[in-house]
Every structure is written in structure tokens, then in C-alpha cells.
Amino acid sequence: MEKFLYTRQIEKDPKLNVWFMYPAIESFAMASLGFLSIYKMMDLDNELYVERIYSDTKTTELTTDCVDCAGFSFSFEIDILTIIKMLKKYEIPLKSSQRDENHPLIFAGGPVLMANPLPFEEFFDFISIGEKVSTKKALDELKKCSDLSRDEKLKRLSEIEGIYVPKYKKEKIKIIRDNLNDEIIYTPILSSKSYFQDSFVIEIERGCPKMCKFCIASWINCPTRFVPYEKIEKAIDFGLQYTDKLALMGAYVAGHPDFDKIINHISKYCKTRPIELSISSLRADLADENLIKMLVECNQKTATIALEAGSQRLRDYIKKDLSEQQILNTLKTAQLNGLKGMKIYTMIGLPTECDEDIEELVNIVSKMKAQVKKLKTPFELTISTSTFIPKAQTPFENVKRTDKKTLEKRLNYLKKSLHKLGVTFRPSSVEWDVIQAILSRYDNSLADLLIEVVEKGGNLGAFKQTWREYYKKGVLPSFDEVSQIPFDNSKEPKWHFIDTGIKL
């Protein structure tokens, strides 16, 4: 079941038929606030007819020959494999150069493309380098020039600020950002099929002023923008008319200048009815007693904080300005005030990391576990660990990634050590992280390889096998070499034609 929280334009006179596509199953798509907010923008436009398409869509209202353009929401590097599968499913030529007047224009947008569109550009006719406003500008232009040829349309699109047309390259493409003073983004459709079933999500800010050196969310979303409190209050009141599940989203949620007022407003509802509140992630330096009590009052069982690195030296180096005492205090406050568990995000393989930093991570988790035992209330600690993936447009964009053998050795050490402590440990896949790292920093020479990977099953084995074949042909360097540093870091990265508006 779906409930639309806005008045739809049912009777339309469309100048443009659009497929808006999400490279994952429906439950994930319906939990994506970015995807749904852009869909809403299209759906409210009387001159656009838009249909949502997921990787598991069985039937469509429009046939491919009726679709003028199809856009993808592109959030993670590995999404490209599903995007290729979806293009194949609907018999759309995979590369822009293979399409003609009988095919829809294929476009995409999202954080991956804002940072470095090069590895993926051959698959798209145009790319939105920016936030929702860029996509709107492109669609508005296409409505005006529906009678023009494909090439003429692309030429017109290339002249729009924030739109990248690979066929018509420009020296600089500036990231175009939404004005959060004008519009607040919240869930436009409640769905029982969503991964977060019937949850009303509100974006209360975008970006993060802490600017950790590894964090793409900080560096491509500058400056940090906070939604005015009055808009947030109205959104809370609106959403809670339709559901009891509320979520606040952002990279720096508790850092909102009016966060106390937001929490107090939600608290009023919690006193009169059962509200389920969740917050995307807490910062250990901002999670105070009042916030924890309110989360518990609103039926949140666990919370998440990002520790990132075990040693103070390494946290300081990556600009994660948290002390060990702040982390332990947050844990204590959470346990004393009724939370039942804490998930701690960590990373290994960060630049300058050594074995001593891994030992420090074990030490701080040991102190957490000892503190949990001392308080003698049920409380579960979960340590989630990924390997560091260097991202374009961050200060760590040109660092060498730690080799696979060292990473696996350190993960195995953590696994054994944390098991002895009785702590749940959830590591990411080193090999899939390698592929993400390659895709995040490569150039535009991977299109054929990615197509072959999909044809061979789209799994890890297919990726490695195909890479070996290309290496033997002399087309690509060795996988091991590329997995650590996939470009010549003596030169300026090729993706610096994207202007983030901030100096690294």
C-alpha cells in the first residue's frame, strides 16, 4: 500500500514521458528520500508524465518507445552493475554513442557522479552534477525542445550550469546546490513495502562542518545547510498526522542549531501517543542525556556513533575530533538512560595507519565492554568495520590504499580479539571495497569491462576474471596495482573539472 502525502497531478498534458529508475529493489527505492523527492518534483509537473522503475519491476505503464528520457538515482559505485542490467532488460543500447533518435535520453545524478562521473559517463547521455535543482533545469529545457534532434537537445543541455554532457565536454562543471531555506525535503509517499515501513523521514540539514578528510558527504555538500526550525516543526506536525514512525536525516543531525527545540517538539507527541523516532547517526560529542532520554521515550532501542579510528593520533589526523572520554561518556549515558545497544562504525586502512592503531581500537572496545559490564544492565555492543575507500573530491583522493593482505590480516586480528571480548563484529568485504575504491577514482576507460562483468554474472569473480583478461591484452594495468592507486598521482586528478566550490 502507498499513501501519497501530496496532491498529485492526475490529469496531465505531458510534453515529456519519463522513467525515473532506481538500481535496486522496490523496498530500497521507497526508503530513499533523494529518489522519492525528485520523483515528487516530476510528478507535480503537469508537463511531465513519470513512472517509477526498480530493478525488480515486472510490468511498466509506458513502453520503451514511448519514453523520452530515463533517469537513474546513482548513490553507490557498485550501482553501475545494476544500471547496466536494467538498460539491457529494457533493450536500451548501453552506451550513449550507440543510441539514436528511437531511444530515450539516459541520464543520472547522485553523489557518486558529483564526485567523479568519468568511469560511468559512456552509459549516460547527460549527467546532473548537483542536487535536485540541476535535474529540474534539465527537464525544463527538454520540455522546451522536444521537437529537436537528439544531438541538438544534448547541445542545449550542455549549456545549462550543473549539467554535464560527455559528448560536449566543458573545462569546468560547477556543482549546483539546492536552497534548503526554500524547501524542506521529507517523505512524499508512505509505503508498506519500504525497507523502513511507513516511516516519515525529514532531512533537517545537509553536509557536515567537521570536514573529516575521508568524508565525501562533507566535501561535496559544502557549505553545511540547516533547514529553518519553523519548516521542520511544520513537517513533523504534518508527518505525524499519517504515521507514528518518524526519522531525522542528515550527516550532522544533532548539530542543528535548533536541535533542542526539534527534540522538545517531538517529545510533546511522545507524551500522548507511541512514537517511533530514529536518528540517522549520533555524534559522541553531541549526544547528551536529554537526547538519549527522548530517543528511549520515543521507542528507539539502539543508536549509532562513528568512532572511525581506535587511536587518538589517527582520529586527529583524519579530523575526527572525538576523544576517548567523549566516546565512553556517550556509551555510559546511552546505557544509563535506557538504550539497549550501540552500533559503533569504524574503519581500517586509513592513511598512516599501523598495527598500533589497530591495537588501540581493540583497547578502546575493551574499555567499552568493561564499562557495559560494570553498569549491569542489558546492553549490546556491535562493531561495524569497513576498509577505507579513498573518494574523489576529498583530501584523501590521491592516497594509496592499504594492500589486501595487510587489510585481511588486520580484520582477522580484530575478529579474534573482539570475539574474546564478547562483542559482535561485522566487517565489510575487503574485495568489494577494493572495487568501490577503483571505481571511485578511475577514468572513462572501464565501460567495456563493466559491460563484460555484467554479462559474466556481475559478481566479484566476474569482475576479477574480466580484469585479468584485459590486463593480459595490455588494455589495463594489473588489478593489484590499480586496487591501491588507480591513477598517476603526480598529476592533477582528471575529475577536477568538477568544481565543488571548495579548495582541498
Tell me, please, whether a residue that is among the β-branched types (Val, Ile, Thr), buried (at least 21 other Cβ atoms within 10 Å of the Cβ) and over 30 Å from Pro209 (Cβ atoms) can be found in segment 369-379. yes
Those residues of segment 105-124 which are surrounded by fewer than 24 Cβ atoms within 10 Å (Cβ to Cβ) and assigned to a loop (DSSP other than H, G, I, E, B) amount to Gly110
Is there a residue in segment 303-325 that is surrounded by 21 or more Cβ atoms within 10 Å (Cβ to Cβ), without any contact (Cβ under 8 Å) to a residue 60 or more places away in the chain and of a type in the set (D, E, K, R)? yes
Scan segment 276-302 for residues that are crowded, with 20+ Cβ neighbours inside 10 Å and of a type in the set (Val, Ile, Thr) and jot them down. Ile279, Ile292
From the set of residues in segment 168-193 that are charged (D, E, K, R) and surrounded by 14 or more Cβ atoms within 10 Å (Cβ to Cβ), which is nearest to Thr243 (Cα to Cα)? Lys193
Of the residues in segment 409-420, how many are crowded, with 18+ Cβ neighbours inside 10 Å and more than 29 Å from the chain's Cα centre (by Cα)? 1
Hey, can you tell me all the residues within segment 1-39 that are within 22 Å of Ser199 (Cα to Cα), in contact with a Leu (Cβ under 9 Å, 6 or more places away or on another chain) and among the charged types (D, E, K, R)? Glu2, Lys3, Arg8
Of the criteria (1) farther than 30 Å from Val430 by Cβ; (2) out of contact with any helix residue (DSSP H, G or I) (no Cβ under 9 Å at 6 or more places or on another chain); (3) among the polar types (S, T, N, Q), which one Ser128 fails: (2)
Exactly one of Thr402, Thr424 is among the polar types (S, T, N, Q) and over 30 Å from Asn221 (Cβ atoms), and that one is Thr424
So which helices (runs of 4 or more DSSP H) are wholly in segment 199-305 and hold at least 2 residues that are more than 30 Å from Asn116 (Cα to Cα) and among the aliphatic types (A, V, I, L, M)? 229-239, 259-270, 289-297
Could you list, in sequence order, all residues of segment 328-364 that are closer than 30 Å to Asn398 by Cα, free of Cβ contacts under 8 Å to residues at least 60 places away in the same chain and aliphatic (A, V, I, L, M)? Ile344, Ile358, Leu361, Val362, Ile364
Quick one: in segment 196-225, which of the residues that are in contact with a strand residue (DSSP E or B) (Cβ under 6 Å, 6 or more places away or on another chain) and surrounded by fewer than 20 Cβ atoms within 10 Å (Cβ to Cβ) is farthest from Ser281 (Cα to Cα)? Asp198
Subset tally (residues that are in a loop (DSSP other than H, G, I, E, B) and either without any contact (Cβ under 8 Å) to a residue 40 or more places away in the chain or within 27 Å of the chain's Cα centre (by Cα) (or both)) for segment 365-408: 18
Pairs, please: C-beta under 7 Å, at least 6 apart or cross-chain, first residue under 12 Å from Tyr186 (Cα atoms) and in segment 25-39, second crowded, with 22+ Cβ neighbours inside 10 Å and basic (Lys, Arg)? none
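One line per residue, one yes/no per condition, for (1) part of a helix (DSSP H, G or I); (2) loosely packed, with under 14 Cβ neighbours inside 10 Å; (3) touching a helix residue (DSSP H, G or I) at 6+ places or on another chain (Cβ under 7 Å):
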| position | (1), (2), (3) |
| --- | --- |
| Ser445 | no, yes, no |
| Leu450 | yes, no, yes |
| Gly457 | no, yes, no |
| Phe463 | yes, no, yes |
| Tyr470 | yes, no, yes |
| Glu481 | yes, yes, no |
| Gly501 | no, yes, no |
Name the residues in segment 360-398 that are among the aromatic types (Phe, Trp, Tyr) and either more than 19 Å from Arg410 (Cβ to Cβ) or out of contact with any helix residue (DSSP H, G or I) (no Cβ under 9 Å at 6 or more places or on another chain) (or both), would you? Phe379, Phe396
Any chance you could count how many residues in segment 51-94 are farther than 20 Å from Pro111 by Cβ and touching a Gly at 6+ places or on another chain (Cβ under 9 Å)? 1
Any chance segment 84-103 includes a residue that's among the small types (Gly, Ala, Ser) and touching a Leu at 6+ places or on another chain (Cβ under 9 Å)? yes
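Throughout, read-outs are computed from the coordinates displayed, never taken from laboratory work. As the structure is a prediction and not an experimental result, all values here were calculated from the model. Note: ideal-geometry Cβ built from the backbone for every residue, glycine included; neighbour counts use all protein chains shown.
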